[in-house]
Every structure is written in structure tokens, then in C-alpha cells.
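What follows is calculated from the coordinates using simple rules that are stated; it is not laboratory data. Treat the numbers as computed from the prediction; the structure is a model and nothing was measured. We place every Cβ from the backbone using ideal geometry, glycine too, and count neighbours over all the protein chains shown.
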Amino acid sequence: MPEIHHPRRGSMQFWPRKRAKKALPRIRTWPKIARAKLTCFIGYKTGMTHINLRDNRPNSMTKGQIISMPATIIECPPLKTLSLRFYKKTIDGLKLISEAFSKNLSKELLKHYKIPKKQGKEPENFDEVRLVIYTQPKLTTIGRKKPEIIEMNIPGIDTKERLEYAKSLLDKEVKIADIFKLGQYIDVHAVSKGKGFQGTVKRYGVPLMQHKAEKKKRGIGTLGSWHPHKVQYTVAQPGKMGYHSRVEYNKLIFKISSNPKEINPKSGFGRYGIVKNDYILVKGSIPGPAKRGILLTEPIKPDKKAFLSEIVSINLIK
């Protein structure tokens, strides 16, 4: 008799299967850079296309030939700064000691965010300074006015350099071209599509039972062994699926442009509309549906081999 072998169902790479709290993910680890600069930007996923480019990878079998690659379009309207936050290191972690707000805030932000009457000032002694930024979805066609707010870390070695850099951005708009450049790698933080309540076949890839099985066909035959007297977490069970916070590492920027006319189809993008602001083309696919906010950051594990190919044409549905 052959040895009975039954591999487990479902990936244990992401565990627990916990749904995200917000549609905009939280960044727990920021990239470390020696100089002071912004390392994050918020865009809106528009859709996908494929581009024809000339392959310039030295060890590729199609070197010098025109190949086709998938790309994701992300609209990037300019960001605005909300405030500067000053922190002090304590035994219990960072403690907020002061917050200085910008004088040029949008009306949409003031409807959803309460500004305290007493404006904070720059303290004499602080250990950490961070910049709070917010989006301007009113400039897009996604049908939303409430801005997304995120606190951004400012890297660097010298505290004075970080403070002066943060002050220079307090009352200004930030564009995508000010942070990232053409041909570099970025990390994409996003929340995946929500699938709702699903069964074990779709959620874990459990095979269908035979037609003579009792009571059910799209289910599992057992909840586990008698001992221990409990249902273990490795057993595939139905539940909510999707809407997880995920990170795509080292996504290549094919293009950064401020001319949306060259990318827009005649009828606009399906389930999104027309791109009106700056946009970028990122190699491959990214998590989440259209219109969802996407966090773009500097790569935390950068790939040193980046080969930017010459774009021949961009294929769009007219």
C-alpha cells in the first residue's frame, strides 16, 4: 500500500487572515536613508494596461527586441501638508509633545478634521519630528471629497536638517516627481479586494468531495482528530476573505508624466473615469480595486539591478 499523504490546504505565509481596519494601510517600518527627504506618496489605482518596450536587460533572451509587459496606472494628485509633530522618547515609546499646523488648509479637510484653537510651537528639546500629509481627492473623478491623512517619517541623521526640510514643506504642495524618479524601484502598500463570506473551496483551495459524500460537496470531511479536544487553527473553515493589508516589494516605475491626455481612453477607464493629474506607470499588478488609495514608498529592500527599457508604445482601449 502506498503511504497516505495529504498536504495541508491554504497558505500559512499570511497568518492570521485578519482584515484591515482601514482602506489605507499602515506602514510599520520606514526605509532608512542618510539624508532628509520624503519617502512616501499616496496615489489612486486607476487600472491596468500593457506597454511595448525595447528590452535592454543584458542577460535576457529577448535583448534588443520589442516585448510587451503589463503595467498599472496610478493617478497621483499633489499632496498637501497638515502639520509637524514633535515627539520625545520615553520609556513607553514616543510621546507627542507639540504639533504645529499649516496655515493653508483646504475646506474639505476642515470639515472632517478638527484643528485645536491653541496652535502648537516648535519645542526646544525633541527627539523625533514627523510630517502629516493629506490627499486632495476632489481633484480626481473618483467621487470622493474626504481626504486621506497619514503621518510620514522623515529620515536622516541630523535632527536640524530634518527639521529645516520639514519646515520648507509645511505650506506647500508636494508632487510625485519631487519624491520619486524615473526608473527606480518602489514598494507598494495597499489593501486587497474584499471577497465577503466565502466557503472552504474558494478560501483555502479544498478539493470538491465526491458525489456520494454525505450532507455536503463543497466542504471538508472532518474538523480534525479527536485529540486534542479542540478544532485547530490549521483546519480550513469558511469565513470572510480578502481586504488584507499587503506589500509589493520592488516595483519598477516605467513612466512619470504630468500629461494625462496621452494615457486617457476616449471613454475613460472602466470603474474609474478620466485621469486629470500626474500619473505613474508601475510594472506589473498591485493589490486593491480601482479608486482605492495606494501608498508608494522608497524600497526597504532595494534591488540594485534596475534596467529601464525604452517605451515604444502604450496600448489603451480606445
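Key figures for this structure:
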{"quantity": "The chain, helix-only ellipticity at 222 nm - DSSP H runs n ≥ 4, -39,500 (n - 2.57), divided by all residues, nearest 500", "calculated": "-1500 deg cm²/dmol"}
{"quantity": "Computed over the chain, the ratio Rg/Rh where both radii use C-alpha atoms and Rh is Kirkwood", "calculated": "1.05"}
{"quantity": "Proxy reagent accessibility, fewest Cβ within 10 Å first, across T72, T222", "calculated": "T222, T72"}
{"quantity": "Whole-Å semi-axes of the stretch 78-134's equivalent ellipsoid (Cα gyration tensor)", "calculated": "23, 12, 10"}
{"quantity": "Over the stretch 13-129: Kirkwood hydrodynamic radius from C-alpha pairwise inverse distances, Å", "calculated": "19.7"}
{"quantity": "Bins of 10 Å, starting at 0 and running to the largest distance - Cα pair percent for the stretch 182-304", "calculated": "11, 26, 24, 18, 14, 7, 1"}
{"quantity": "Most fluctuating residue given options E122, E99, E298, as computed from a GNM of the chain linking Cα atoms under 10 Å", "calculated": "E122"}
{"quantity": "19 Å tail of the calculated P(r), the stretch 49-197, as % of Cα pairs", "calculated": "67"}
{"quantity": "At most 15 other Cβ within 10 Å, DSSP loop - trypsin sites (Lys or Arg not before Pro), the stretch 262-316", "calculated": "K266, R271, K276, K304, K305"}
{"quantity": "Dimensions in Å of the stretch 122-264 - Rg and Dmax from alpha carbons", "calculated": "24.9, 77"}
{"quantity": "Total formal charge among the other residues, if their Cβ is under 11 angstrom from that of G47, Lys/Arg +1 and Asp/Glu -1", "calculated": "+2"}
{"quantity": "Residue among P265, P302, M209 farthest towards the positive dipole end of the chain, charges placed on Cβ", "calculated": "M209"}
